[in-house]
Amino acid sequence: MLRMASQRDYYGDKLIELGYKMPNLVVMDADLASSTKTVKFKNEFPERHFNLGIAEANLMLFAAGVSLTNKIVFVSSFSMFASGRAWEMIRNTIAHDRLNVKIVASHSGVAVGEDGYSHQATEDIAIIRAIPEMKVLSPADAIETQKIIEYIAYNKGPYYVRLTRETTPIFMHDYYSNNDFVEGKFIKISDGNDATIISTGSVTFFALEAVDILRKEGINVRLFNASSIKPIDKEEIIRSAKETGCILTIEDHNIIGGLGSAVTEVVSENYPVIVKRLGIPDVFGSSGKPKELFKLFGLTTDNIVSNIKYLIKNKK
Amino acid sequence: MIKRIKVFSFFKLFFKEKGLIRSKKDKELIKLKQDINQIRKLIIDSVFKAGSGHPGGSLSAVELVYTLFDKFLKFDPDNPKWEDRDYFILSKGHAAPLLYTVLAYKKFFEIEELATLRKIGSRLQGHPDALKVPGVEVSTGSLGQGFGVAGGIALGLKISGKKNKVYALLGDGEIQEGSVWETAMACAHYKLSNICAIIDVNKFQIDGRVDDVMRVEPIDKKFEAFGWRSIRINGHDIKQVEDAYKWFLEYKGDKPSVIVADTVKGKGVSFMENKSEWHGKAPNENEYKAAKNEISKE
Ligand SMILES: Cc1ncc(C[n+]2csc(CCOP(=O)(O)OP(=O)(O)O)c2C)c(N)n1
């Protein structure tokens, strides 16, 4: 049976664990602690949790300042506001000065669902990735979320971690029972030489399903979980371009500027092969159930299957 | 014995009135004034040599910043990250020529380096870069951000049980930024009595008078409404500036403090005074000479 879990719940739990280990860990939120689940940390360590109110610009600046007093600061809000409202604070202060601020942004992508476009950040990878010094990580499930949170807590400098609102399938437990998270490395989930899929976030589960279907039809697809979007795994991208001749990227994000763009940048400069980007096709999201929205934008197992077939037919 | 003291005091008073002997306090004041003049000259020098930069808002805050560094701020130029230091944050980062000059004057680096301002390869970037310049706590230039970071530092110090103070200098135009008021709210909410904001009210911004572009007055009342205590002073009167810092340092309550200082933009160079066009341009050769000349006469 498939186990389901929420990335943000696991994030909140991990914060508590780290809170006991790291007395200099501070958590900040902007009136969304109950949604981002930093409230769990607040209940355990009320003297180290600060709500800055609905003021995301100042949230980032306060986080920057607190980090300058020998603290590790986790800040959370929705991806929309953490990346969008506070972008310039992240750029000019946190990133430039390489501060020890970990931005963990939940509710990314159209997976937010019913709240609609105003709450569906589909540009955050693009705008944060473009900032020097910023690293962008995007876990595929709750298990990987905890590994990433642990990793960034012990590694200096600014990070942006992109979480989803939904409860999603757990499928990274086997890998992480023997491994820790490694920045800059994709995780190979399945091997094959007919085509490559590079996917990020919880939608990677659909890719996994598609790979199984294709295998039954005799098509062997190499699947990567690209939880490290920046730094990106250049080596694997180039090798896969050479060995499989085509790449499909998948993300709950605008196809402009996100993972698809990042992969394309590497491919076109090093070993041009056809790359198809599945994602939000440069439109605003809308209200609906996450599943319905995924269907609307082609983020489904079936559509992945047919895109792989198309790519294999059209590769050189 | 008593008589002798009386006679002595009489003579002292007599000579003092004639200006023949000066008290230690007077000497200090004279030295401070000389330093301040010297700093104004160095600001003009560095902006002239750079061929660009911001003289207006640098000149208006010389008394405010130098007096702080000279008399109140705890720091160690040989150990800029000294744990018990006080923090000074230039939230109006474009006044970099002022900050650099004060830091050089206080031996964070050589005065000669001021000549490299804004030049390729220099540590002295157009706006202060904390990764490059010792004594710069956080990089600033984007208005409003330094103030928020100062608030965060104050919070971090408070929860660490530390006694260091945090000072942030803002422009009166700068406080039009929305985040400034987010920060003001948060400092009061978290009872950060260890922070002192200094507002350099020189009444001009880039596009003209602050009153015409976007009115911010009454500044002291606004901060008070946000939960701060405020004092309003003449920012060129050294005595008032000193008293204002004492007013902050002697405070035992739990509110953040703001010093609202009325100043003159371009102070000390008559043709730069109260002219928004001198916000961000360098003097030409003739203007440079005239400016230096005028400051020397002070
Ligand atoms: C966020 C932001 N917006 C705009 C600018 C451009 N800018 C630089 S200085 C300035 C005017 C500042 O006026 P004020 O705060 O009164 O400074 P002062 O007069 O003391 O120099 C502006 C608009 C900036 N640096 N940051």
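The values are calculated or read from the model by the stated rules, or taken from the named source; none is laboratory data. Computed from a predicted structure; not experimentally measured. Cβ placement follows ideal geometry from the backbone for every residue including glycine, while neighbour counts extend to all protein chains displayed. Ligands, DNA and RNA are stripped out before the accessible areas are found, and what is left, the full protein with its side chains, is counted by its heavy atoms. Shrake-Rupley method; radii C 1.70, N 1.55, O 1.52, S 1.80 Å.
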Rounded to the nearest 10 Å², what accessible area does B:LEU73 have for a 1.4 Å probe in the complete protein model? 20 Å²
Apply 1/(1 + (r/R0)^6) to the Cβ-Cβ distance of B:LYS33 and A:MET22, taking R0 = 56 Å, and write down the FRET efficiency to the nearest 0.05. 0.65
Per residue of chain A, what 222 nm ellipticity follows from adding -39500 (n - 2.57) for every DSSP H run with n ≥ 4, rounded to the nearest 500? -11000 deg cm²/dmol
Between helix A:7-21 and chain A, what is the angle of the helix's C-alpha long axis to the longest principal axis, kept within 0 to 90° and rounded to the nearest 10? 50 degrees
Tilt relative to chain A, helix A:142-154 - C-alpha long axis, 0 to 90 degrees, to 10: 50 degrees
With θ set to phi - 60° and the Karplus curve 6.51 cos²θ - 1.76 cosθ + 1.60, what are the ³J(HN,Hα) couplings of the range A:265-280 in order, to the nearest whole Hz, using x for Gly and Pro? 4, 6, 4, 5, 8, 10, 7, x, 9, 5, 10, 10, 10, 9, x, 7
I want to verify the translational diffusion coefficient of the range A:197-265 in µm²/s; compute it with Stokes-Einstein, Rh as the Kirkwood radius over Cα pairs, at 37 °C and 0.692 mPa s. 265 µm²/s
Computed from every Cα-Cα pair in the range A:184-314, P(r) in 10 Å bins starting at 0 and rounded to whole percents is 14, 49, 32, 6, 0
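List the pairs from A:LYS185/A:LYS289; A:LYS21/A:LYS185; A:LYS40/B:LYS158; B:LYS163/B:LYS221; B:LYS31/B:LYS132; B:LYS165/B:LYS239 whose alpha-carbon separation is above 25 Å, in the order I gave them. Please list the in-between numbers first.
Values: A:LYS185/A:LYS289 32 Å; A:LYS21/A:LYS185 27 Å; A:LYS40/B:LYS158 23 Å; B:LYS163/B:LYS221 28 Å; B:LYS31/B:LYS132 30 Å; B:LYS165/B:LYS239 21 Å.
Over 25 Å Cα-Cα: A:LYS185/A:LYS289; A:LYS21/A:LYS185; B:LYS163/B:LYS221; B:LYS31/B:LYS132.
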Can you tell me what percent of all Cα-Cα pairs in the protein assembly as shown are more than 43 Å apart? 34 percent
Across bins of 10 angstrom width beginning at 0, how are the C-alpha pair distances of the range B:24-296 distributed, in whole percent? 7, 32, 38, 20, 3, 0
Go through the range A:1-95 and name the chymotrypsin sites (Phe, Trp or Tyr not before Pro) that are in a DSSP coil and have 13 or fewer other Cβ atoms within 10 Å of their Cβ. none
Looking at the protein assembly as shown, what % of its DSSP beta bridges pair antiparallel, to the nearest 5? 15 percent
Charge dipole (chain B, unit charges on Cβ, about Cα centre) - positive-most of B:TRP247, B:ILE111, B:GLY173: B:TRP247
Rounded to the nearest 5, the percent of DSSP beta bridges in the range A:4-169 running antiparallel is 10 percent
Count the net charge of all other residues whose Cβ sits under 10 Å from the Cβ of B:LEU131, scoring Lys and Arg as +1 and Asp and Glu as -1. +1
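Tell me the GluC sites (Glu not before Pro) within the range A:5-102 that lie in a loop according to DSSP and have at most 10 other beta-carbon atoms within 10 Å.
Values: sites: A:GLU17, A:GLU44, A:GLU47, A:GLU56, A:GLU88; in loops: none.
Here no loop site has a sparse enough neighbourhood.
Where Lys and Arg each count +1 and Asp and Glu each count -1, what net charge lies around A:ASN100 among other residues with Cβ under 11 Å from its Cβ?
+3
Counting other Cβ atoms within 10 Å, which trypsin sites (Lys or Arg not before Pro) in the range A:119-176 have at most 15 and lie in a DSSP loop? Could the numbers behind the result be given before it?
Working: sites: A:ARG129, A:LYS135, A:LYS147, A:LYS156, A:ARG162, A:ARG165; in loops: A:LYS156, A:ARG165.
Of the trypsin sites (Lys or Arg not before Pro), the ones in loops of the range A:119-176 whose Cβ has at most 15 other Cβ atoms within 10 Å are A:LYS156.
Once Rh for the range B:121-200 is found with the Kirkwood sum over Cα pairs, what is the Stokes-Einstein diffusion coefficient at 20 °C and 1.002 mPa s, in µm²/s? Write out the running numbers ahead of the final one.
Working: Rh = 13.3 Å.
Calculated translational D: 161 µm²/s.
Before anything else, pin down the relative contact order of chain A: Cα pairs under 8 Å, at least 6 apart, normalised by residue count, whole percent.
Working: 716 pairs, mean separation 54.2, N = 316.
Relative CO of chain A lands at 17 percent.
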Could you tell me the center-to-center distance, by alpha carbons, between the range A:152-220 and the range B:109-180 in angstrom? 41 Å
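I want the local charge near B:VAL47. Using Cβ-Cβ distances under 12 Å, sum +1 for each Lys or Arg and -1 for each Asp or Glu among the other residues.
On the way: positive: B:ARG40, B:LYS41, B:LYS49, B:ARG118, B:LYS281, B:LYS292; negative: B:ASP45, B:GLU287.
That sum, taken over residues with Cβ under 12 Å, equals +4.
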In degrees, nearest 10, range 0 to 90: what is the angle between the Cα axis of helix A:301-314 and the longest Cα principal axis of chain A? 50 degrees
If amide hydrogens are placed 1.01 Å from N in the peptide plane, which non-local residues have theirs closer than 5 Å to the one on A:THR249? A:ILE198, A:LYS276, A:ARG277, A:LEU278
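Using only alpha carbon pairs under 8 Å that are at least six residues apart, calculate the relative contact order of the range A:201-306 and give it in whole percent. Please list the in-between numbers first.
Working: 122 pairs, mean separation 32.2, N = 106.
The normalised contact order for the range A:201-306 reaches 30 percent.
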Checking the a/c ratio against 1.5 first, then a/b against b/c, what shape does the Cα gyration tensor give for the range A:4-169? rounded
Report ³J(HN,Hα) in whole Hz for each residue of the range B:204-215, in order, from the Karplus equation J = 6.51 cos²θ - 1.76 cosθ + 1.60 where θ = phi - 60°; Gly and Pro get x. 10, 10, 6, 8, x, 6, 4, 4, 7, 6, 6, 4
Ignoring any ligand, DNA or RNA, what whole percent of the accessible area of the range B:24-296 comes from carbon and sulfur when the probe is 1.4 angstrom? 50 percent
Output the Cα-based Rg and Dmax of the range B:94-134 in Å, rounding Rg to one decimal and Dmax to a whole number. 8.9, 24
If each of A:THR167 and A:LYS242 carries a label point 7 Å out from its Cα toward its Cβ, how far apart are those two points in nm? 4.6 nm
For the interface of chains A and B, what total accessible area is buried with a 1.4 Å probe, rounded to the nearest 100 Å²? 2000 Å²
Rounded to the nearest 5, the percent of antiparallel DSSP beta bridges in the range B:24-296 equals 5 percent
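Note down the magnitude of the dipole of chain A about its Cα centre, charges +1 on Lys and Arg C-beta and -1 on Asp and Glu C-beta and zero elsewhere, to the nearest 20 debye.
400 debye
Can you show me the helix-derived [θ] at 222 nm for chain B, built from DSSP H runs with n ≥ 4 at -39,500 (n - 2.57) apiece and divided by the number of residues, rounded to the nearest 500. List each step's numbers first, then the result.
On the way: 11 runs with 126 residues, N = 298.
The per-residue figure over chain B is -13000 deg cm²/dmol.
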Normalised by the number of residues in chain B, what is the relative contact order in percent for Cα pairs under 8 Å and 6+ residues apart? 21 percent
Placing +1 on each Lys and Arg Cβ and -1 on each Asp and Glu Cβ in the range A:44-154, then taking the dipole about the Cα centre, the residue among A:ILE148, A:SER106, A:LEU68 whose Cα reaches farthest towards the positive end is A:LEU68
Output the DSSP H helices from chain B with an along-axis C-alpha extent of no less than 15 Å and a mean Kyte-Doolittle hydropathy no less than 1.0. B:145-159
From the residues A:PHE297, A:GLY184, A:SER286, which one has its Cα farthest along the dipole of the range A:184-314 in the positive direction, the dipole being from +1 and -1 charges on Cβ of Lys/Arg and Asp/Glu about the Cα centre? A:PHE297
